[in-house]
Amino acid sequence: MRIRTIKTMSELRNADQNGPVVTVKRVTLADVARRAGTSTAVVSYVLNDGPRPVSEALRARVLEALDDLDYRPDRIARALRRPSRWRQIGLLIPDVTLPLFGALVGHIEVEARLRDHLTLIGNTGYDPERELEFVGAFADSGIDGLIVVGGANGAATAKLCAQNRIPIVWVHNNRDNVDAPVIGADHLEAGALATRHLATAHHRDDIVFVGGFTSEDVQHGDRETVAQRYAGYASVVGAEAARQIRTDLTPAGAYRAVRRYLADNPAPGGVVVGTYGQAAAALRAITDTGARIPQDISVVGFDGDRSNTYAQLVLTTVRQPIDTIARTALNAVLSSYSTPDADESPVAIDIQLDLGETCGCRPPMPLAQ
């Protein structure tokens, strides 16, 4: 058997015709220098555009050798040799398309950059295996700290970070019980606030909750947050009066479940929708049955998009202070490796009710011209 070492892309493409490949060797500066008939120092001058000048003829030979050998700089070695102002943090997000998580990404990335940190972002989709893959990849890339939003594999993620000496901060919620606080709003109080508004301000005594939170209902979704919001809802209406429209937390699931419930039961006076991702679908399901919002059914949701007021009805929503949560999380992860023994006072994460049209507090808003 003929054993060969592959260096160039053309050799790799022709490998099947010329025998088995045992290893792929990284092309070095010495390889380029030999091909160009010069020194490694000259190759370095060409790659870095200095510090010494190189004749045009010699530069052309070096560039040709670089192309022939498909040379790629060793970025890790280069980073070790060259001092840099930038450090890196990892940020794991369940779904960057949702307004709440997209806003968190934006705030954390901007704040981190102002503090000379680059942010590596992974979209986990609430998949435990994908979350762990990102943590391993981020650890290999040399991150200085990790922020996990909506963790789906808390125990394994915490263990891997501990093995790699990576400080970790949890935000919003965590599927596993780990020995660390979670930075975020009080979702139980958020559920109670939404329900109290319907019960007291609009005198709705027949209120149902939309959303699932068991593993049977929801495989990849924010079921922990929904469970806490449901508990807040139930604390207001009472355990015996609490009624749940179980869904899988997708818009389609919410639409089907709400339509089915309204077809089989008397229309409730109020609806609390457990996630923002299902709010539009729940509103559509209600109006498709002929019920009017808010005249017949008042609706309150969570984490609405403040910038989007062009829907048919503007959602009344319980809102979290995204800027405070992002700043608190970033402060925690940066201080945990710069001053590990720092004892910072907890920051209050206050929630607020943004009044819209779906509960009946505001008349329809005119569109901006």
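The values are calculated or read from the model by the stated rules, or taken from the named source; none is laboratory data. Just so you know, these numbers come straight off a predicted model, no measurement behind them. Here the Cβ positions follow ideal geometry from the backbone for every residue, glycine too, while neighbour counts run over all protein chains shown. Heavy atoms of the whole protein, side chains included, go into the accessibility calculation; ligands, DNA and RNA do not. Shrake-Rupley method; radii C 1.70, N 1.55, O 1.52, S 1.80 Å.
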Practice task
Would you mind getting me the FRET efficiency between ALA60 and GLU133? Use the beta-carbon distance for r and R0 = 41 Å, nearest 0.05.
Solution key: 0.40
Problem - Set of segment 244-261 residues, backbone N closer than 11 Å to the point 7 Å along the Cα-Cβ line of THR287 - result: none
Problem - Distance in nm between pseudo-label sites at ARG113 and ARG52 (7 Å out along the Cβ direction from Cα) - result: 3.9
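I'd like the trypsin sites (Lys or Arg not before Pro) in segment 158-190 restricted to DSSP loop residues with at most 11 other Cβ atoms within 10 Å, sorted by number.
Working: sites: LYS159, ARG165, ARG175; in loops: ARG165, ARG175.
Here the trypsin sites (Lys or Arg not before Pro) that fit, given the DSSP loop and packing criteria, are ARG165.
If you take every residue apart from PHE101 with its C-beta less than 12 Å away from the C-beta of PHE101, what net charge results, scoring Lys and Arg +1 and Asp and Glu -1?
Working: positive: none; negative: ASP95, ASP222, ASP303, ASP305.
Net charge around PHE101: -4.
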Completion exercise
Regression test value, accessible area per residue of segment 143-236, probe 1.4 Å, units Å², expected 40
Problem - Potential extension, LEU355-SER44 segment - 0.36 nm per residue separation minus Cα distance - result: 105.7 nm
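Pop the C-beta distance of ARG34 and GLN163 into the FRET formula with R0 = 56 Å and round what comes out to the nearest 0.05.
Details: r = 41 Å, r/R0 = 0.74.
FRET efficiency, ARG34 to GLN163: 0.85.
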Fill in the blank from the handout: Taking Lys and Arg as +1 and Asp and Glu as -1, residues besides GLY270 with C-beta under 10 Å from its C-beta add up to -1
